[in-house]
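What follows is a single structure, written as structure tokens, with notes after it.
The values are calculated or read from the model by the stated rules, or taken from the named source; none is laboratory data. Model, not experiment: these values are computed from the prediction. Backbone-built Cβ (ideal geometry, glycine too); neighbour counts: all protein chains shown.
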Amino acid sequence: MASPKKKTAAPRAAGSDAAPSGAFDLAAFSRDRLQLRTAEVECAELRRWFPEGSRPVFVVRGLNGEEFYGVREAVARRRDLQAIAGRLLSGQGEAIAEAIEEFYGGVPDEYARRVEILVAGCVAPALDRPAALKIFKYFPSVGHQLAEQILRLTGEGACVGESSGCGGTPASATT
């Protein structure tokens, strides 16, 4: 029985800019305009706060690399803030400590991470931290659904060129 032959790349001529067959086209990659994927997510539970007759839809997008890793560090930042708050409470900085504690409070790490995902990835309406915290506090399933869709879009990566959503996951796939 013959053993399979190992494929090797053909040597490139010195000074050649041509990429070997099957190689990543760095020139095209560098040239193409990339855009983060977006999707609409229907949130019927929040219908009350949308204009009458309109669809209760949030538009979310995938995170870029900096945002993705910034979200991952949110838990560490929260722990640092809690440590600062604890030290301030033992001294004279009660007002500052209360403000820091209000920033996240004693919530689970995953909760803090999901809030940051929602703040970074919600396009319309654009959510600040207090609004994202309120959604997670009173509508945790909606917050989770939105954050999950943002993570799905992030995992799919950017798409090339202009489009409305780049063919991302339809909102119906997130329910």
| Entirely in the stretch 82-175, the helices (runs of 4 or more DSSP H) that have 3 or more residues that are touching a Phe, Trp or Tyr at 6+ places or on another chain (Cβ under 7 Å), modelled with pLDDT of 95 or more and surrounded by 12 or more Cβ atoms within 10 Å (Cβ to Cβ) | 140-156
| query | For residue 55, all conditions in the list (1) more than 21 Å from residue 151 (Cα to Cα); (2) modelled with pLDDT of 95 or more; (3) not in a loop (DSSP other than H, G, I, E, B) hold save one; what is the number of the exception? | reply | (3)
| note | Cβ pairs under 9 Å, 6+ apart or interchain, first in the stretch 61-75 and within 16 Å of residue 146 (Cβ to Cβ) and in contact (Cβ under 8 Å) with a residue 40 or more places away in the chain, second crowded, with 19+ Cβ neighbours inside 10 Å and among the basic types (Lys, Arg), ordered by first then second residue, are 61/37; 62/37; 71/114
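Results for (1) at pLDDT 95 or above; (2) over 39 Å from the mean Cα position of the chain (by Cα); (3) surrounded by 10 or more Cβ atoms within 10 Å (Cβ to Cβ); (4) in a loop (DSSP other than H, G, I, E, B), shown as yes or no for each residue.
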| position | (1), (2), (3), (4) |
| --- | --- |
| 2 | no, yes, no, yes |
| 7 | no, no, no, yes |
| 11 | no, yes, no, yes |
| 15 | no, yes, no, yes |
| 28 | no, no, yes, no |
| 41 | yes, no, yes, no |
